[in-house]
1. Under the rule that a partner needs its Cβ under 4.7 Å from the first Cβ, which Cys of the chain have none?
2. Out of every Cα-Cα pair in region 373-489, what percent are more than 19 Å apart?
3. Can you list which of the trypsin sites (Lys or Arg not before Pro) found in region 49-111 are DSSP loop residues with at most 13 other C-beta atoms within 10 Å?
4. In whole Å, what are the Cα extents of region 464-564 along the three principal axes, biggest one first?
5. Normalised by the residues of region 379-525, what does the relative contact order come to in percent, with Cα pairs under 8 Å and at least six apart?
6. For region 1-86, which GluC sites (Glu not before Pro) are both in a DSSP coil and crowded by at most 13 other Cβ atoms within 10 Å?
7. Can you give the local net charge around V446? Use residues other than it whose beta-carbon is closer than 13 angstrom to its beta-carbon, Lys and Arg +1, Asp and Glu -1.
8. Angle check, please: helix 339-349 long axis (alpha carbons) against the longest principal axis of the chain (alpha carbons), in degrees 0 to 90, nearest 10.
Amino acid sequence: MIEQKGAPWFKFYDKNVSPTIEIGDSTYLDLLESGLSNDRNRPALFYMGKTITFGELDSYANRFSGFLLKNGLKQGDVVGIDLPNIPEYLIALIGAVRTGCAITGISPLLTPKEMAYQINDAEVSTLVILDMLFEERLLKIKDEIPGVRHVAVANVGSFLPAPKRFLGKLFKKIPFGNISPLKNKIVIPFSSVLTDYPAQTYSPETTPEDTLLIQYTGGTTGLPKGTLLTHRNIVANIKHCETWSGFEIGNDVLCSGFPFFHLAGLAFGMVALASSNPQCLIPDPRNTKHICQEIKKHRPTLMANVPTLYQMLLDNPMFKTLDFSPLKACISGAAPFSVESIRAFETLVGKGKVLEVYGMTEASPILTMNPYKGIKKIGSVGIPVQNTKIKIVDLETGKKELKSGEEGELIANGPQVMKGYHKKPGESDHALRKFQDDVWLYTGDVAKMDEDGYITIVDRAKDMLIVGGYKVFSREVEETLYQHPAIEFCAIVGLPNTDREGSEIVKAVIQRTSDTKRKDAETLKADILNFCRENMAPYKVPKIIDFVDAIPLTAVGKVDKKALR
């Protein structure tokens, strides 16, 4: 337990939130069993019109656990899950945890080569994969993943009623892929796992320090790294979120477009399971019509999305007709949410309901949140959660603590911080470093903290530009651009300045609002540039403006600056 005497943010904690909470020695398996058994008749999953109760989910998971045990998996083995947000993902997760296995979530958007790298690096022995991905990608690398012994193949329509599944296949609304045998591997439909294998219970001797997740980073600065997250890490963050955000056991409904292969989505789903609360499964987060239908039918009390999805929902006319009175909070994370966009969103869902957070895969993921009931500072990511210390240090050495208001690298210390990167000791030593006689996570994010302890993320260190010797933070420029009425989305990237070695040129990539797309582009560019000159220092003003129909996004919905560059 971390003592932080005199931390300025303590006085902004909600009255029911203590600066330190007891994490204890529970494992996620302990929390999971409690959540599943609380009320077996309560809905656990809402999926495309199908409701699965906690009792049914428990039974399905025991059958998957029986499949793993029958095929010789043991404690410490790794199960890879390459699925969208469908019931099979959580069934496999629960069954794997009950067998003492670790889980690695694999993005369905990875190329075959990227899939092979993660499968081999994580040492996956059993793979759960979508049939379309089996056909289109796994077959291309079938001889490159020798460690995989068992493959369970799922389909997005398996849990739909038979008539709906038939019509979906007939009219090609539900994609189906072909399954074929693989040499030296057992291949089985996931549906057969749930019918052919008897439910089997097992009590692994799991400890809080055992690895629960091998969660891979995005690989924006090299090959993706497998973040080792223990049961204690995940339990700590679940307890942070439950006490901070007013989670009520059995009395909330959760809805999130974050994919489960991203830790934000998985953690939200794992919280729902542990707290006996139903969750709406969103297999395609870009289908805002489906999300609106789920909100209308199931009336969620808590939502969690990336800002771009909130903006996409705001653009859907159906979203504006919904009743948001049950909604307690809209958690926003993984990317900046502009001040203007938050204000526009809250005019619809209710003032003070957007709850900006900051986290990263290496921190399970939450490090800071705006208070649930208390003072929210729009544009900030809030204050450190319980048991968590945050400092801002100089960018050059990482050894000097900076004063409030100064911009530097954010470092963190707390029970949710990973134990390291899988098979990468050098990377682990770089991320987890000694500072003031303790080990801290160096996040690579540039931030500043005000006198109250509220933190504003300025930029990723790698996204910071150097223009004529001056530091330019892309988010600061983007926030100013968002104030121009013609800009719907924007992103700042740096280009090499061929006339000045070591310097960059600021480039703005802009997606215009629909009502301005017919206006003359050059006239509009001139107007935006004049706006920039009036509202920011000369060296921050973009030298190049490009209009695009759509800014590239990552699978999670972040602006893909790697692609832009």
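A short reminder: the numbers here are calculations on the coordinates, not readings from a lab. Note that the structure is predicted; figures quoted are calculated from it, not measured. Note: ideal-geometry Cβ built from the backbone for every residue, glycine included; neighbour counts use all protein chains shown.
1. Cys with no partner Cβ under 4.7 Å: C101, C241, C292, C330, C490, C532.
2. The share of Cα pairs beyond 19 Å in region 373-489 comes to 54 percent.
3. Those that pass, being in a loop and sparsely packed, are K74.
4. Taking max minus min along each principal axis of the Cα atoms, region 464-564 gives 39, 34, 22 Å.
5. So the answer I get is 16 percent.
6. Within region 1-86, the qualifying GluC sites (Glu not before Pro) (loop, at most 13 other Cβ atoms within 10 Å) are E3, E22.
7. -4
8. 50
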